[in-house]
Each structure stands twice: as C-alpha cells, then as structure tokens.
Ligand SMILES: Cc1cc2nc3c(=O)[nH]c(=O)nc-3n(C[C@H](O)[C@H](O)[C@H](O)COP(=O)(O)O)c2cc1C
C-alpha cells in the first residue's frame, strides 16, 4: 500500500503527529512519502492508496499555506475533469485528515470546521475521507491559552501517550484499507448515503 503524508506545521505539534502516523503506517506495512505542503505540489493524489493531510487549526480553518496547497491541487484536478457531479467514489482511494488544535475558546468545535473543510477537497475528487483525527496541541507562546482554555492544561501535548496512540491507530490503516478494497460495499462512508 502506498501512502503520502502532507502536512504544514508552524510550532511542531502537527509535525510530531505526522511523524507518528508515518511510523504507524510503516509498521502496518505501507510505503510512505512524507512532505511539507510547500514541497508537495507535484504529489499526484491518485498515485496513492491513502493521502494523509495535516495542519493546525487557525481560526477554525486550515492555515493559508495548507489552504493554498489544497486549493491549487483542486483547481488543477478540476481543469483535468476530476471534479464530477455526484462526486463518484474512485475505488481504493482514501484520505485521512489530521488537525491539531488548542481549543482555547470553544474546544474541539474550533477545529472540526477546519477538518471538514479540508476533507471536502478530497471528497469532491472521489477520494473517500476515511477519518478525521483531531489532536490536542499546546498553544506555544501562550501560557494562558495552554492552561486556561476549554481544554484545561494542555502544556506538552501532544505528549508521548498521545503520539503512541496515534501510531497505534495509524498502524491499523493499511489492513483496514485492504479490507475496504476487497469489499467496498462495507465502507462506513457508503452506509451514510
Ligand atoms: C494564529 C493562530 C491561530 C490559532 N487558531 C486556533 C483555533 O481557531 N482553534 C484552535 O483550536 N487552536 C488554534 N490555534 C492553536 C493551534 O491550532 C495549535 O496550537 C496547533 O497544535 C499548532 O500546530 P503546530 O505546532 O503544528 O503549528 C491557533 C494558533 C495560532 C498561532
């Protein structure tokens, strides 16, 4: 199974999560390419069984470099005719969205819109979003936001335990995707239609 991890990170939280996903996917038997968004313009989503895209939530949206990456890729695929009415699913093509956040004001609600927004770029291309992972991350540079927000004291997050759990979850994805590819009708996403 081929996987690409494309991420953007300013203060390192998302980068740590990306590295853990890589370790997990490799432990599960995947071939993994890992790139920062700025260096990923040449990645063809359809070359991979799984595209993992990660970023911090900035004002409940993906930050500008990630938005520019997603929009640029999407516009190019649209010009090539990949955006079709009804967004038919391309068999065997999946995306995983991971978003780190501090939730200082409204908790996870200020990360979910960013994850949903990013996921739509893939769903519109027929690439099914397997899951969205929201990972708590310290708000570097603000003790107040890292200790007094909705999530309480989040200093040091994501910590070793968080990263271990992510690695574990990621290690299961290659087998999961293989089973979906063998029996596509069992995909949870299809049941929701
Ligand atoms: C400019 C800016 C805006 C942010 N906006 C949000 C936000 O809307 N919601 C949230 O939960 N966290 C917000 N955060 C916190 C980051 O999403 C969080 O700390 C993230 O884990 C940082 O990731 P990074 O270390 O990979 O850059 C913001 C941080 C910055 C610097």
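No lab work stands behind these numbers, since they all come straight from the coordinates. From a predicted model like this one, the values you see are computed outputs, not experimental measurements. All Cβ positions, glycine included, derive from the backbone under ideal geometry; neighbour counts span all protein chains shown.
In region 17-118, what % of DSSP beta bridges are antiparallel (nearest 5)?
Values: 1 of 8 bridges.
Antiparallel bridges make up about 10 percent of those DSSP assigns within region 17-118.
What angle, in degrees between 0 and 90 and rounded to the nearest 10, separates the Cα long axis of helix 160-171 from the longest principal axis of the Cα atoms of the chain?
So the helix axis and the longest Cα principal axis differ by about 0 degrees.
What is the Cα convex hull volume of region 66-111 when expressed per residue in Å³?
119 Å³
Give the shape of region 1-98 as rounded, prolate or oblate, defined through the alpha-carbon gyration tensor: a ≥ b ≥ c are the square roots of its eigenvalues, a/c under 1.5 means rounded, and otherwise the shape is prolate if a/b is larger than b/c and oblate if not.
It comes out oblate by the Cα gyration axes.
Kindly work out what percent of the DSSP beta bridges joining two residues of the chain are antiparallel, to the nearest 5. Walk me through the intermediate numbers first.
Working: 2 of 28 bridges.
Here the antiparallel bridges make up roughly 5 percent for the chain.
For region 107-172, what class follows from the C-alpha gyration tensor (a ≥ b ≥ c being the square roots of its eigenvalues): rounded when a/c is under 1.5, otherwise prolate if a/b is larger than b/c, else oblate?
Numbers: a/c = 3.44, a/b = 1.56, b/c = 2.21.
The shape class here is oblate.
Could you give the Stokes-Einstein D for the chain in µm² per second, using the C-alpha Kirkwood radius, 4 °C, 1.567 mPa s? Walk me through the numbers on the way to the answer.
Numbers: Rh = 16.9 Å.
Using the Kirkwood radius from Cα pairs, D works out to 77 µm²/s.
What is region 70-136's relative contact order, in percent, from Cα pairs under 8 angstrom and six or more apart in sequence? Working shown, then result.
Values: 88 pairs, mean separation 30.4, N = 67.
Relative contact order here is 45 percent.
Stretch residue 11-residue 68 to full length: gain in nm at 0.36 nm per residue minus the Cα-Cα span?
Contour length minus the Cα-Cα distance gives 18.6 nm.
For the chain, take the longest principal axis of its alpha carbons; what is the angle in degrees between that and the long axis of helix 173-182, to the nearest 10 within 0 to 90?
Value to nearest ten degrees: 20.
Helix-only mean residue ellipticity at 222 nm, the chain, DSSP H runs n ≥ 4 weighted -39,500 (n - 2.57), per residue, nearest 500. What is it?
Value at 222 nm, helices only, nearest 500: -11500 deg cm²/dmol.
What is the order of 45, 122, fewest Cβ neighbours within 10 Å to most?
Working: 45 21, 122 24.
Fewest to most other Cβ atoms nearby, the residues stand as 45, 122.
Is region 137-183 rounded, prolate or oblate when judged by the Cα gyration tensor, a ≥ b ≥ c being the square roots of its eigenvalues, rounded requiring a/c under 1.5 and prolate requiring a/b larger than b/c? Walk me through the numbers before you get to the answer.
Working: a/c = 4.84, a/b = 3.33, b/c = 1.45.
Since a/c reaches 1.5 and a/b is larger than b/c, the shape of region 137-183 is classed as prolate.
Among 109-119, 76-86, 145-155, how do they line up from the highest to the lowest mean number of other beta-carbon atoms within 10 Å?
My ranking of the peptides, most packed first, is 109-119, 145-155, 76-86.
From Cα pairs below 8 angstrom and at least 6 apart in sequence, can you work out the relative contact order of the chain, rounded to a whole percent?
So the answer I get is 26 percent.
Rounded to the nearest 10 degrees, what's the angle between the helix 13-27 long axis and the longest principal axis of the chain, both from Cα atoms, 0 to 90?
The angle comes out at about 50 degrees.
In nm, what is the difference between 0.36 nm times the number of residues separating residue 43 and residue 160 and their Cα-Cα distance?
Separation in residues times 0.36 nm, less the Cα-Cα distance, equals 39.1 nm.
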